[in-house]
Amino acid sequence: QVQLQQSGAELAKPGSSVKISCKASGYTFTSYDISWIKQTTGQGLEYIGYINTGSGGTYYNEKFKGKATLTVDKSSSTAFMQLSSLTPEDTAVYYCARLASDYFDYWGQGVMVTVSS
Amino acid sequence: DIQMTQSPASLSASLEEIVTITCQASQDIGNWLAWYQQKPGKSPQLLIYDATSLADGVPSRFSGSRSGTQYSLKISRLQVEDIGSYYCQQAHSNWTFGGGTKLELK
């Protein structure tokens, strides 16, 4: 069955970076793009961007350009998102999701990123 | 950016009741709309795509409809396992989500 397994919770200091992972299984990894979505209590769900798992090409929501960097390792069927120059506003749950015909049909379990000094 | 205005923000309903949640798009998005269910502490799950198509494994008591730029999710007979939050999402231009509806049992 399709699964997206994300890495564990992160506690980071302001100004630092974190890199979270999303390991896919149960399907041909390069047949679907992987998207990343941020969830906070105040802002709800926000789309960050996606990566083409075959070519490595990326698309970013304007708001997250310079904040998020998406990469992929095809050999391990894993997508990564690095968040840089962290501020308390980056505290959120981050999901990866498989993008199927413009909709998100499978989601990872989410990673809680907490930014605090 | 296309804005999705979802209502109500919260809703309390009884078992077996009919529940309707709506999303208003700020511009024409055609049928490029999905609905997701998120149970407490879990990830969102796709319920409806292309405004009216039921995702695999989703019970038939869920249905989606469209009238112009207004979209609706209907639960025909509320069950206890339907409790959670619901989000609409447009896929016409980039991707944006509605603010969510928290559904509770009365």
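Please list the three semi-axes, largest first and in whole Å, of the ellipsoid equivalent to the protein assembly as shown, using sqrt of 5 times the eigenvalues of its alpha carbon gyration tensor.
29, 19, 17
Counting DSSP beta bridges in chain B, what percent are antiparallel, to the nearest 5?
Antiparallel: roughly 90 percent of the beta bridges in chain B.
Please tell me the relative contact order of the range A:1-109 in percent, rounded to the nearest whole number, where contacts are Cα pairs under 8 Å and at least six residues apart.
That works out to 34 percent.
How large is Rg/Rh for the range A:19-117, to two decimals, with Cα atoms and a Kirkwood Rh? Write down the numbers at each step before the final one.
Numbers: Rg = 12.9 Å, Rh = 13.6 Å.
Taking Rg over the Kirkwood Rh, I get 0.95.
Provide the percentage of antiparallel DSSP beta bridges, counting only those with both residues in chain A; round to the nearest 5.
90 percent
Counting only protein heavy atoms, what percent of the accessible surface of chain B is carbon or sulfur at a 1.4 Å probe?
45 percent
Taking the solvent-accessible surface of protein heavy atoms with a 1.4 Å probe, what is the per residue accessible area of chain B in Å²?
Per-residue accessible area for chain B comes out at 48 Å².
Tell me the Kirkwood radius of chain B: reciprocal of the mean inverse pair distance over distinct alpha-carbon atoms, in Å.
13.5 Å
Carbon and sulfur together cover what percent of the accessible area of the range A:24-117 at a 1.4 Å probe radius?
Its accessible area is 45 percent carbon and sulfur atoms.
Could you tell me the calculated FRET efficiency between B:Asp28 and A:Glu62, based on Cβ-Cβ distance and R0 = 22 angstrom, to the nearest 0.05?
On the way: r = 22 Å, r/R0 = 0.98.
The pair B:Asp28/A:Glu62 has a calculated efficiency of 0.55.
Mind checking how much accessible area A and B bury in total, 1.4 Å probe, in Å² rounded to 100?
Roughly 1500 Å² of accessible surface disappears when A and B pair.
Per-residue Cβ counts within 10 Å, from other chains only, averaged over B:34-40: what number is that?
Rounded to a whole number, the mean comes out at 2.
Where only protein heavy atoms count, and the probe is 1.4 Å, what is the accessible area per residue for chain A in Å²?
Details: 5310 Å² over 117 residues.
Normalised by residue count, the accessible surface of chain A is 45 Å².
Run the numbers on the range A:79-117: which residues show a drop of 20 Å² or more in accessible area, chain on its own versus all protein chains together, using a 1.4 Å probe over heavy atoms?
Correct list: A:Tyr95, A:Asp102, A:Tyr103, A:Phe104, A:Asp105, A:Trp107.
The values are calculated or read from the model by the stated rules, or taken from the named source; none is laboratory data. For clarity, every value in this text was computed on a predicted model and none was experimentally measured. Quick reminder, even Gly has a Cβ in these numbers, built from the backbone with ideal geometry, and neighbours come from all protein chains shown. What goes into the accessible areas is simple: the full protein's heavy atoms, side chains included, and nothing from ligands, DNA or RNA. Shrake-Rupley method; radii C 1.70, N 1.55, O 1.52, S 1.80 Å.
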